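Take a look at the structure set out below.
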Amino acid sequence: MKSFLHVQDIGDLDAALKEALEVKRTPFAWQNLGKNKTIILIFFNNSLRTRLSSQKAAQNLGMNPIVLNINGESWKLETETGVVMDGDKSEHLREAIPVIGSYCDIIGVRSFARFEDRAFDYNETILNQFIKYSGKPVISLESATVHPCQAFADLITIKEHTGKPRPKVVMSWAPHPGALPQAVPNSFAEWMNASDVDFVITHPEGYELDTRFTGNARIEYDQMKAFEGADFVYAKNWSSYRDYGKILCKDRQWTVSKRQMDVTNDAFFMHCLPVRRNMIVTDDVIDSPKSLVIPEAANRVVSAQVVMKRMLEEI
Ligand code: CP
């Protein structure tokens, strides 16, 4: 695997899930695979889970993880091409990336959507420069349009908890005070479409995601109708793709509460975290025994470890 952005990059999903469960059972079985190997984890944005789970996954494989926070720890990096660098950016990505590549064997990059220019974000302009100029395998640790390590962990969690061959999975938009990227719902949609689940997306009008990710998934604008008979509810906020980066709705009727969960098939509740309590989901739902937010976050180590393991096996 040269880079990890999309579900196709992992290949056969059943094989990947089987491997994930093996990694979860015996996390230290590949300690020699990463011996004398280094992964550099670059963060242009904040993180709790991705930073810690990626480091833990690398350590489980015997690798040496190095974390670099671009904001505050490094030179400010210029990302545009052909500019006169007379501002506050001291170094260009064109030099920084191959330098980083020369110090490591695998690179992970977190670089959120900026919401200044949809084409810049949806072309994955930052991540693709790492892929092009580093000469090393690159993992998206949530880039402008995708969060594949999260979606893989979500799928592992669903497979671990489902009692059905084809569960109903509902991804629901929920309100949030800020404008959030579409990366998590894009990837979740992409991975659910590739899995054997009955997948439904519900959101207010205007929040349609890019169809390159949602494909033929059913869109249901009536949230209560969408929740009927659901086995898994995956809540997430995102800003508008059409009116790019805009907040079109703050209606707290969309907050996931007992009212919606009561029409499900006693569904599990999922969220990638961090979550705004009583905006995205009410306390009673997230604190209930059906909430999977902690096991889901724990599986981030597993998904990251499978991806790193496969990259190491090809080096
Ligand atoms: N879910 C997730 O990616 O969490 P962090 O932003 O804390 O890494």
Practice task
Report, to the nearest 10°, how far helix 183-193 tilts away from the longest principal axis of the Cα atoms in the chain, using its own Cα long axis and a range of 0 to 90°.
Solution key: 70
Handout entry: Nearest-0.05 FRET efficiency for Lys250 and Asp222, computed from C-beta distance (R0 22 Å)
Key = 0.75
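Dividing the Cα convex hull volume of the chain by residue count, how many Å³ per residue is that?
Working: hull volume 39.8 nm³, N = 315.
Each residue corresponds to 126 Å³ of Cα convex hull volume.
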Practice task
Just name one of Pro274, Val197, Thr264: the one whose Cα is farthest towards the positive end of the charge dipole of the chain (beta-carbon charges, Lys/Arg +1, Asp/Glu -1).
Solution key: Pro274
Handout entry: Gain on full stretching of the segment that runs from Arg277 to Asp198 - 0.36 nm per residue minus C-alpha separation
Key = 25.7 nm
Problem - Cα long-axis angle, helix 13-25 against the chain (0 to 90 degrees, to the nearest 10) - result: 80
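Could you calculate the contour length gain from Ser102 to Asn71, that is, 0.36 nm times the residue separation minus the distance between their Cα atoms, to one decimal place in nm?
Working: separation 31, 0.36 × 31 = 11.16 nm, distance 2.12 nm.
Once the chain is fully extended between Ser102 and Asn71, it gains 9.0 nm.
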Practice task
Taking the chain as the reference, fit the longest principal axis to its C-alpha atoms, fit the long axis of helix 93-102 to the helix C-alpha atoms, and give the angle between the two in degrees, 0 to 90, nearest 10.
Solution key: 80
Problem - Sequence-distant lysines (8 or more away, or on other chains) whose Cα lies within less than 23 Å of Lys246 - result: Lys236
Practice task
Excluding residues fewer than 8 places away in the same chain, name every one of the aspartates and glutamates whose C-alpha is closer than 13 Å to that of Lys164.
Solution key: Asp196, Asp198, Asp231
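Can you compute the charge dipole magnitude of the chain about its Cα centre, using +1 on each Lys and Arg Cβ and -1 on each Asp and Glu Cβ, nothing else charged? Give it in debye, rounded to the nearest 20.
Working: 37 positive and 40 negative charges, 128 e Å.
Using only the charged Cβ atoms, the result is roughly 620 debye.
Fewest to most neighbouring Cβ within 10 Å: what's the order for Cys149, Cys272, Cys249?
Ranking Cys149, Cys272, Cys249 by Cβ neighbours within 10 Å, fewest first, gives Cys249, Cys272, Cys149.
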Fill in the blank from the handout: In the chain, taking the dipole from +1 charges on Lys and Arg beta carbons and -1 charges on Asp and Glu beta carbons about the Cα centre, the listed residue (Ile39, Cys149, Trp75) farthest towards the positive end is Ile39
Exercise for the section: Work out how far the C-alpha atoms of the stretch 256-315 reach from end to end along every principal axis, then list the three figures in whole Å, largest first. Expected result: 51, 24, 14
Completion exercise
Under the 7 Å Cα-to-Cβ spin-label approximation, Glu208 and Leu33 lie apart by a distance in nanometres of 4.2
Exercise for the section: Write down the Å³ per residue value for the convex hull defined by the alpha carbon atoms of the stretch 1-151. Expected result: 116
Exercise for the section: Please give every one of the lysines within straight-line cross-link reach of Lys309, meaning a C-alpha to C-alpha distance under 19 Å, and leave out same-chain neighbours fewer than 8 residues apart. Expected result: Lys2, Lys18, Lys24, Lys35, Lys37, Lys56, Lys136
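Given the Cα atoms of the stretch 150-296, and with Rh set as the inverse mean 1/r over their pairs in the Kirkwood sense, what is Rg to Rh to two decimals? Walk me through the numbers on the way to the answer.
Details: Rg = 13.7 Å, Rh = 14.9 Å.
Ratio value, two decimals: 0.92.
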Handout entry: At R0 = 35 Å, FRET efficiency that the Cβ-Cβ distance of Lys2 and Ala179 yields, to 0.05
Key = 0.65
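Can you classify the stretch 1-60 as rounded, prolate or oblate using the Cα gyration tensor, where a ≥ b ≥ c are the square roots of its eigenvalues, rounded means a/c under 1.5, and otherwise it's prolate if a/b beats b/c and oblate if not? Kindly include the intermediate steps, with their values, before the conclusion.
Values: a/c = 1.63, a/b = 1.16, b/c = 1.41.
The shape class here is oblate.
Contour minus end-to-end for Asp287 and Asn123, with contour as 0.36 nm per residue of separation and end-to-end as the Cα-Cα distance?
Numbers: separation 164, 0.36 × 164 = 59.04 nm, distance 3.83 nm.
Length gained between Asp287 and Asn123: 55.2 nm.
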Exercise for the section: Read phi for every residue in the stretch 51-63 and hand back ³J(HN,Hα) as whole Hz from Karplus 6.51 cos²θ - 1.76 cosθ + 1.60, θ = phi - 60°, with x for Gly and Pro. Expected result: 4, 6, 5, 5, 5, 5, 4, 5, 5, 4, 8, x, 7
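Any read-out appearing in this document is the output of simple, stated calculations on the displayed coordinates, not a laboratory observation. Note that the structure is a prediction, hence the values are computed from the model and not measured. Positions of Cβ are backbone-derived with ideal geometry, glycine not excepted, and every protein chain shown enters the neighbour counts.
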